[in-house]
Each structure stands twice: as C-alpha cells, then as structure tokens.
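Reading through the structure tokens given below for one structure.
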C-alpha cells in the first residue's frame, strides 16, 4: 500500500480528484482494483426536505411534493363553509389556489389564523393542488429516511389530524439555532388528501 | 402477446367462447330447419316445449352475456389506464362483441346484437386508425353501458327494451363520425342520414375538453373576418415597435443629457468652494502689508481697466493677487471667466434636458396611442374568434323536430327564433337532454289525445347580450319528469329554468343559459374586506335601501355567506341589490352589501370540485391578481333560508311587512298534490278531520301555482303526476326562495330504495308509501310541523 492519502468516500469531490492526481500510476490502478472488488455499502436513502417551524414545532416537508415556495400573498379571498384551518383562496399561476394554515391543521388550534403570513408552499399530489402557509421556513436539508422513528414511539404533544399524517420522527439537528432535537416528517400526500376530504365534507354539512 | 395489429378472425375466439357461439348458431339453424321441413307443428304441447326451450336459451344467453359484458368493462378499464393506444386491447373488445352479437341474434335480442355490432365497428376503426382514440373510448363506454342496461332489462322483464339502443344511437349522433357506423341496410334512418349530411359537424362538449379535439366546421365568412383582424393586428406590430423604439431613443438621449448634467456638478461644487475661499481670504486680509499690497494692486488694476473695458479675465485665485493679473486681449475679444463658461454649459445642458424630456413625453404619448389601437384590434379579433364558435339554434331545434316526429301524436313543432346563435359546445350539451325532455313530455300520447284533439308544441328562442332564452311550450298537459332531465345540464351551464302555465292552458318551460363561454359581465361589490362578483343577469336594479317598494325578503350578503360583518357600518345606509324576480314568483328579494364598487367583465372559471360551495358559481382573477368569487344570489338565498328564519336581524326587520297576529294564528296549511281523485279525497278527509287546512292540486303544475299563491307549511306530493311529477316539483322549488321553508313529504306507491334516495337528494323531508294508514300520515305531518315550529 502506498503512503499517499486515499479518497475515502464514494463520491468524487475536488479534493478527492486532487488526491487521485497525486497518485502514481501503480498506486492508482491498485486503488481502482481494490474499489472494484469492494462490496458496495447499501445505498442510503437521502431525500431532500425543507424545514418549517410551526410555532415551535419543527417539521420537514419533502421537496418532491412541492411545486413552488413563494412569499405568502398579502390578501386572500374567503371561502364560505370552510374549515377553521383554511385561510382562503389566492391566485397562483393563473389558477385559484386554496391556502391552508398548516400549523392550525396539524396542531389542532381552533382559532383561525387570519391572513396568510410567512411563506407559501404550493404542494401537489395527483390532481390536488393546495397552498400550505407556514410561518417560517429554513433551508433545505437532506436526511436519511431509513432512520426515522415511528410517530407512535414518541409523545408528540398533540393528536395528528389524520392517520399517517406524520411519516416519522427525525431525531437530530436540522437547522442551527432551532431547538429541534426532533423534527416531524410530514406525509404531505396523506395530508392533502385529508384536507380535500374535509373541504368536501364542510361544503355538504357546513 | 403479439404486439402487431392483429386482424380479427372469429376462429381466434377462445375454444369455450367458440363453442358457445356455435351452439347458439346451431340453435338458430334447428329452428329454421324445422320450419323449412314443416316439422314445426303448432300444438299446445309443442308451443309449451318450445317456450321452455326458448327460456332456457335465454337464461344461458343472459349468463354468458353477463360474463362477456364484464369482460368488456374490464378491457375498457385497462384501456383507460394505458398511456398509449394498444391495438391488442381493441381486438379483445372486438372478439367479445362478436360473440355477444352472434348469441344475441340467435335469441332474437336484436337490440343487443346491434349494440355489439357497433362495438365491433368502432374497434375496427380504431385499429385502422380512422378514428380518434378519445372518441372511440367514449363510444365504447356508451355502448357497454347500453349493453348493461339492455341486459338488466332482459333479466328483469324478459325483454331487452328499445331504449338502450335508441339512447346509444342518439349519443352517437353527437359525433358525426359515427353516423355511418349506425347505418345498416334495414335501418329506416335514411332521413337522419341526409340530414346529417346537411348539418355541420358537431362535437360533444366532453370531446372538446380533451386534448385530442376533433375538427369542427365553422362559417367561412367568419373565418375571413378572423384572418382580416389578424392581419390588421400584425400590421400594427410595426408601428408599436417603432413607437417603442422612439421612446427608447428619447429615453437614452435624456439619460445622456442627465449624465452631462451630473458631470457639471463637480465644477459647480468647485466654483462654490472657490467663492467661499475668496470670501474667506478677503476676510483674512487684515494685516497692514496685505492691505497695502491690495491697494497697490487695485490702483494698477483700475488703470488697466480704463485701457480696455472689455478685457477682463478673472484668473484663478483672487483678483487682487498681483501674481495673477488680468489677461489683456489685444484683439478685444470677449473674455470669459471659468464661471461664465460653467454657466453657459449649465444653461445649455438644462435646455437639452428640457428638450429630451419633451421628446420622451411625445414618444410616450405616441406609444400609448399605438398600444390602444393594438388593444382595440385585439378585442375585435377576440370577438370574431368567439363568433366562430356560434352556430344557429336550428342545429339544436332539428333534434327537437325529430323528438316530436317520433311521437305518435299528430304534432308539428312550431319554431321561432331558430337563427339565434349560441356556442356550439353549449348547444351540443343541451341537444340530447332537451330532445329527451320533449320525448318524455309527449310519452303518454293516449292521455294527451284524450285531453285535446289538436295538441301544439312550440319552441321560441331569443338572445339578449350573452344570454339565450328558450321557451319550450305545450298546449296541453304533458307527462311529468321533464325537469329531472334538464336540471343537471342547466346547472353545468350556470343556466336557470322555470316553468309556468301558458295562455293555451298547457305548460311552458323557460330555459336561460349563456350564449357563449368566456367573459361574464358582473357587478363588483364589497362586504367588509372581501370583493365579490354578482352577474348582471341576477340583479334587477341597485337601490340605496328601499328607494322603491321594500322587498318581501331582505338579507345581508355577509349573513348569506357566513362572513364577518363590518360593524362600523351598522348604522350606515347600505346599497341594496334587488334581485331579478322569477317569472312565477310573487316575492321580491333584496340583498344588502357594504359597497358597490363598479362593474367588470372577467373570465369566470369553475372552482376545483372540493372548493365548490352552494351559491358560489365560479371565480375570476382580477388585474391585481386577486381571486374574486362569483355569486349565485338566488341559490345563496335559498340555502340560507333553508337553515335560518326568513327575516334577517333587527335593524332591518322593522322596515319589512310583518305578518298580522290573525294570520299567525291560522291552522297549519297543507297542500295535497295527486292526480288520483280518490287518493286526494282520502287524504283531504283524513287531514281535515285532524283540523288542518287542506287544499288540493290535480297535477304538478297546479301544485306549483298554489304553492306560490300561498306557500303551504307542508306539501304531500305524489311522484307520478302530469306536467310536473313529484321530483320535478322538488327540483323547481329551488328557484323560489319563498318555498324554502316548506316541508315536503312524498306519498307514493314507489317503494324502491332508488326512489327514496332520489327524493332525499332532492330535499324531501319524508317518504310515505301507499297505502299509508292514517296514524302514520298524521304522525308524519305532526313531526314535520314540529320541526317547522322548532
């Protein structure tokens, strides 16, 4: 084995390229043969999430379900016979988009939040398109979804609005500065489906 | 499986299916052979045996056909899930349809055989690529539904009925592509074929919404206009671009002049600094030596000045500085100090700025003019494009002609206003329901002929703005069930329907629907912070609170919508929208708003299904990017009054007519509507003995008239009645806010769950099955009255 430092990671970054350049031919081919014979580790699932702070509750939303992240509109139009967590309707990309207060929906507050504030996450699942109003969002982050804890194993402090609304709990810091020893990974497709169902029910029964 | 397009061969049926088909064909051969050899002796024993044999074959056919129809449905579901056209799947459809056709023909179910034949023909067309996939899929779905319906009737009644095939052919007539598939040598629809050739091609509204939109025919003159406006629009592009360019040049020029102005600024600063410094230096020259030198310099300076009054150059530093003497211009030219140079530059630059600004203004004005011309041309082009889709109502009325023609009654449809134009897709969506409606009304030919020897049916169409009014009138009593057919199509179009007794003593249905999709003219109103739209067609006038006779019912829009009220405006006079009154209704309704902001013409689109609410007919996006909900005020009022008391909160109540005390003490008033005299008399007797005030109606139309004269507390409705059946009355009730509080109990011999479910969906409060004993009847009435009082 040579004394040259060797790249440890699977991914080739700039410093790894430099290390490879420093190797002699013999060292390089020896290294290549060793890597070829190495059984690859299981591919770890890393999905990208956006971090949201829902009044002190840290939540992670899968970026793949989001169409856009935009500032919350200054005004919304009220819709009659709407659930308490529905803020109203706004225009987005030429269509009428319903805006819901994600914190009120998830945490079960009975008070209506008033106009949307913070940021608006435009989420889509199949034909359902809804705007999720969140007070604060952080940066996007990548987490290993195989390490999520089941929601039943931890006392959340509230009752989720529907079964499987929370995909799991991520234990670890996702954003510096937030007290986020645990973050809720939200199951947005399930949440959107439940919201639409409740919207239909309130139209029928008030 | 072979992915190439296979041609259909009967031998490709599965062995089991082939066996079944052969068996049915042999059964047909046996019968034919017996007849040919005169072995078919007509005797009671033989006929009984034959009948048993026929029933056995029918039972076998029903079993086999049920399985085959299920296969067809499964295959269709697979096709709908496919992302591309897979010809193999259509071959499956063709195989199964072929089997059904053969078997159905053998048991003399010719309707089902014809439907199966249509499926085969459509399968052939799609595998040949001569039909759009979306049309074929639509046709398959319709045909399979028709098969299911026919099979159900066969299983229930022993006969397949003619309605499934008839309805299928009517639906196929939507899309002219199928017209030729319907023609068989024995078909007596040659007249339809000729007529179809004369009509321009139409498409179903559903097809128009699909990306694979079939072709449509349009008026060539209108296409020429569209081309003409497009060309004019293209010609305007150059002047607009030129005006834009002029403005850009003027702006650039202005910018460069402004840059020059900015460059002068340091010079200005240095001059002011110099002047200040000079002034300071003058102040500081207080020493004797300085004064002497200054005096000497001034003496010399005055001497030089007397020699040349025009040569005076101010040098840098102080004029008293002896080291800097005035420059003598021996040629006597004007001498300019730096300050003079600066002033001149500044003056010129300011002039240039002024000129450049003027050029910018001029260029901007020119651009605005060109843009306005452009927008005017765009509006003309848009109007002409919208006109492309308009066709005369005669295309719809021809369907009504056919519907009347197939009736055994000696009637000819009288038509007025058939040249009124409307959007093709709107007419297409109404053609089938209206023809079904006419057929339904004329279904009971015998009863009609008993009532009148010369029945008349007429259609009158009028157009005003973006609204079409269509009256379908009958001079006699007709079969009920018409409103049930047109309710959904009219709702989808955001149209309205009413009915009344006409001058001939019969019934007229009045339909109002938009002429075309597109922009809607609306009133823009405000309640609190919310801006909303109200279609012009719903508002008779705007009043500043009871300018005219006070309305019978008055509401605040905030209450109707359940929105918070602007409490600061409680005492302020609010504008009131007086709603357009329903033709047969006697009540005036007013709705208060906080402010009427003006009018707008906007494109209103339906909300997503989960956002749809009663009384909200759509939403538009205004120029600020805000969503404005469009209201259906009559529907809002109806829904509100179903859940609330009729009269609104105090502050307004005092200004409305109130019921007198004697009126409030009247016994409960019940209306009994039944076409059976004996049934009516029995109910009246029972209720009168229970001290209720009872009135009767012989048919649905008379019941509606009596309801509107004096809304009853409870209405006992039969289902099957002339003119309007019970379900029609329940539907019609929604158009009359004064009937919102009326309780309805159906009293009918129809005991199926389907009828009960339908009655419930239409808003019935109770369902009684005849014969109904007195105790049950009275208990039900009392319960409904208690609910009303509660």
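Each reported figure results from applying straightforward, stated rules to the coordinates on display, with no laboratory input. Please read all numbers here as calculations on a predicted model, not as lab measurements. Heads up, the Cβs are rebuilt from the backbone with ideal geometry, glycines too, and the neighbour counts pull from every protein chain shown.
FRET efficiency for residue B:228 and residue B:492, Cβ-Cβ distance as r, R0 = 25 Å, nearest 0.05?
Calculated transfer efficiency: 0.10.
What does the extension gain come out to for residue B:688 and residue B:768, with contour length at 0.36 nm per residue minus their alpha carbon separation?
Contour length minus the Cα-Cα distance gives 26.9 nm.
Mind giving me the nanometre distance, one decimal, between the label points for residue B:416 and residue A:63, set 7 Å out from Cα along Cα→Cβ?
Between residue B:416 and residue A:63, the simple spin-label model gives 6.9 nm.
Hey, can you rank A:188-197, B:135-144, B:267-276 by average C-beta count inside 10 Å, highest first?
Final packing ranking: B:135-144, A:188-197, B:267-276.
For region B:662-763, what class follows from the C-alpha gyration tensor (a ≥ b ≥ c being the square roots of its eigenvalues): rounded when a/c is under 1.5, otherwise prolate if a/b is larger than b/c, else oblate?
Judged from the Cα gyration tensor, region B:662-763 comes out oblate (a/c at least 1.5, b/c at or above a/b).
Sort A:29, B:57 by Cβ crowding within 10 Å, fewest neighbours at the top.
A:29, B:57
Ranking B:353, A:51 by Cβ neighbours within 10 Å, fewest first, what do you get?
B:353, A:51
For peptide B:396-405, compute the average count of partner chain beta-carbon atoms within 10 Å of each residue's beta-carbon.
0
Using a 7 Å offset from the Cα along the Cα-to-Cβ direction at both residue B:130 and residue B:162, what is the distance between the two label points in nm, to one decimal?
2.9 nm
If packing is taken as the average number of other Cβ atoms within 10 Å across a peptide's residues, how do B:420-428, B:406-414 rank, most packed first?
B:420-428, B:406-414
Quick check: residue separation of residue B:529 and residue B:141 times 0.36 nm, minus the Cα distance between them. What number comes out in nm?
134.9 nm
Count, for each residue of B:616-627, the Cβ atoms from other chains sitting within 10 Å of its Cβ, then give me the mean as a whole number.
4
Provide the FRET efficiency to the nearest 0.05 for the residue B:756-residue B:709 pair, computing r from the beta carbons and using R0 = 30 Å.
Once rounded, the FRET efficiency stands at 0.50.
Rounded to the nearest 0.05, what FRET efficiency do residue B:219 and residue B:378 give with R0 = 22 Å and r taken as the Cβ-Cβ distance? Could you check?
The computed FRET efficiency comes out at 0.55.
Provide a whole-number value for the mean count of partner chain Cβ atoms within 10 Å of the Cβ atoms in peptide B:597-610.
Counting other chains' Cβ atoms within 10 Å and averaging over B:597-610 gives 3.
What distance in nm lies between label points placed 7 Å from Cα along the C-beta direction at residue B:353 and residue B:588?
Here the modelled spin labels are 6.4 nm apart.
For the ranges B:250-257, A:80-87, what's the packing order if you count other beta-carbon atoms within 10 Å of each residue, average per peptide, and put the highest first?
Descending packing order for the listed peptides: A:80-87, B:250-257.
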